[in-house]
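To start, the structure under review is shown below, and the notes come after it.
The values are calculated or read from the model by the stated rules, or taken from the named source; none is laboratory data. Source: prediction; values computed, not measured. Using ideal geometry, Cβ is built from the backbone for each residue, glycine included, and neighbour counts are taken over all protein chains shown. Note: areas computed on protein heavy atoms with side chains; ligands, DNA, RNA excluded. Shrake-Rupley method; radii C 1.70, N 1.55, O 1.52, S 1.80 Å.
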Amino acid sequence: MTDLVYLLPLWNELRDTGTEYVLATVVAVEGSGYRKPGARMIVAADGRRAGTISGGCLEGDVARKAFWHTENGPTVRRYSTAAEDGEVPFGMGCGGIIHLLLERSATANPLFQRLAQNFAERLPFAVSTVLDGDWIGQRAFWPSESSGSTAIAGKLSELAQQSLDGQHSFSQTIQAEDQQIATVRAEWIAARPGLFIFGAGDDAIPLVRQARQLGWYLAVADGRTHLATRARFPEADDVFALPPEGFPVQLRPTDAAVILTHSLQQDTYILNHLLGRQLAYLGVLGPRRRTSEMLLTLASELALPITEVEGRVEAWMQRLHAPMGLDLGGDTPADIALAVIAEIQQDRHRASGMSLRQKRPMALQDHSFNLQKR
């Protein structure tokens, strides 16, 4: 859903002016592909476009022919990026085949309306789309108040519900009530990730700027009202001052939170309110010793038996990223911001964080061997 930070502004303009457009969506990838299924690009009738569907090798040709391909309605087109594939001239050496669903605004608008709604509300949903046959382009959403009245509507709703419940996307061939066979793509669209930055010092500025490129929801909070201002963080979705008492901050289990006020008192206060919440990521800036001291202070306030304090502190430390960030080198605010965002991204996707050169050595060796044979 993070691509929507680039797609929705153009879609809103086109909708408001009644300008026709074509939506290109990656629905399948065979072999290697720069973008994965679910990637989208808008091509407007006036030449404007937003989003990407490849590393740059397909966008130009798709944009030039999008309206021609969709004269008779939605269609799925095949594009090859294999260097030796002469069927379609996009041989960039990526070695993959990209299948694109091309459709005009008549069928794409209901999808964008739902995308915009869930993007704003930061809620997940699923959509199932027919990719061939007489029903091509028809969709169903889940959650949904209605499943529609066509012969295929019920099955589409069922697939969308399966996708949302299982939190994964898949393709499946189904048979409609009128006995027609259709290929359906069920797509799970995760909630927009949120990053709550507690600390509005100068080192938070590059953190906001870099995270904005990923399309995350961004909130900046600090007890110092002269720092927590919209003027300092124009790219954030929300900027607010923390009150001296209470903690009126609503976070979701899919959100990340980082603490970097550089105030021991304020960091301890914020940490106390976040430790009991379910979060995707909780990081604290500064050395491990400093965080341990804050946790020891919090544990002592619980009136625990002295024999249990150390265990409680260690259990809390296991939940935290402290110090936060990956070891990327550098010590400037921009360097630290990059390291923190990289760790949050790695944690969100449960990735290894390894260099791809180390992770895929066999693939590289095979590639080298193939080059030597040519």
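Structural remarks
- One residue stands out in the stretch 1-32 among those that are open to solvent by 50 Å² or more (accessible area, probe 1.4 Å) and in a strand (DSSP E or B): the one that is nearest to residue 77 (Cα to Cα), namely 30.
- Candidates 302, 338, 328, 282: the one that is assigned to a loop (DSSP other than H, G, I, E, B) and within 23 Å of residue 214 (Cβ to Cβ) is 328.
- Among the residues of the stretch 116-134, none qualifies, meaning not one is touching a Ser or Thr at 6+ places or on another chain (Cβ under 8 Å) and free of Cβ contacts under 8 Å to residues at least 12 places away in the same chain.
- Of residues in the stretch 33-75 being among the charged types (D, E, K, R) and in a strand (DSSP E or B), the one farthest from residue 11 (Cα to Cα): 40
Okay, residues lined up against (1) within 26 Å of the chain's Cα centre (by Cα); (2) open to solvent by 40 Å² or more (accessible area, probe 1.4 Å); (3) without any contact (Cβ under 8 Å) to a residue 24 or more places away in the chain:
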{"position": "198", "(1), (2), (3)": "yes, no, no"}
{"position": "224", "(1), (2), (3)": "no, yes, no"}
{"position": "233", "(1), (2), (3)": "yes, no, no"}
{"position": "239", "(1), (2), (3)": "yes, no, no"}
{"position": "247", "(1), (2), (3)": "no, no, no"}
{"position": "250", "(1), (2), (3)": "yes, yes, yes"}
{"position": "270", "(1), (2), (3)": "no, no, no"}
{"position": "278", "(1), (2), (3)": "yes, yes, no"}
{"position": "283", "(1), (2), (3)": "yes, no, no"}
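- Failed item in (1) closer than 18 Å to residue 142 by Cβ; (2) in contact (Cβ under 8 Å) with a residue 40 or more places away in the chain; (3) touching a Leu at 6+ places or on another chain (Cβ under 8 Å); (4) of a type outside the set (S, T, N, Q), with residue 174 passing the rest: (2)
- Selection count, the stretch 209-222, where residues are more than 15 Å from residue 2 (Cβ to Cβ) and either of a type in the set (A, V, I, L, M) or open to solvent by less than 50 Å² (accessible area, probe 1.4 Å) (or both): 4
- A count restricted to the stretch 53-78 and to residues that are of a type in the set (A, V, I, L, M, F, W, C) and either open to solvent by less than 30 Å² (accessible area, probe 1.4 Å) or touching a helix residue (DSSP H, G or I) at 6+ places or on another chain (Cβ under 9 Å) (or both) stands at 5.
- Meets criteria (touching a Lys or Arg at 6+ places or on another chain (Cβ under 6 Å) and at negative phi) for residue 339: no
- Filter result for residue 167 (within 21 Å of residue 28 (Cα to Cα), surrounded by 16 or more Cβ atoms within 10 Å (Cβ to Cβ) and within 24 Å of the chain's Cα centre (by Cα)): no
- Per-region count, the stretch 189-228, residues farther than 22 Å from residue 348 by Cβ and basic (Lys, Arg): 1
- Unique match (being under 18 Å from residue 259 (Cβ atoms), modelled with pLDDT under 95 and either in a helix (DSSP H, G or I) or under 28 Å from the mean Cα position of the chain (by Cα) (or both)) among 297, 307: 297
- Checking 202, 178, 134 one by one, the residue that is in a loop (DSSP other than H, G, I, E, B), at pLDDT 95 or above and surrounded by fewer than 22 Cβ atoms within 10 Å (Cβ to Cβ) is 202 and no other.
- Filter result for residue 265 (under 30 Å from residue 5 (Cα atoms) and open to solvent by 90 Å² or more (accessible area, probe 1.4 Å)): no
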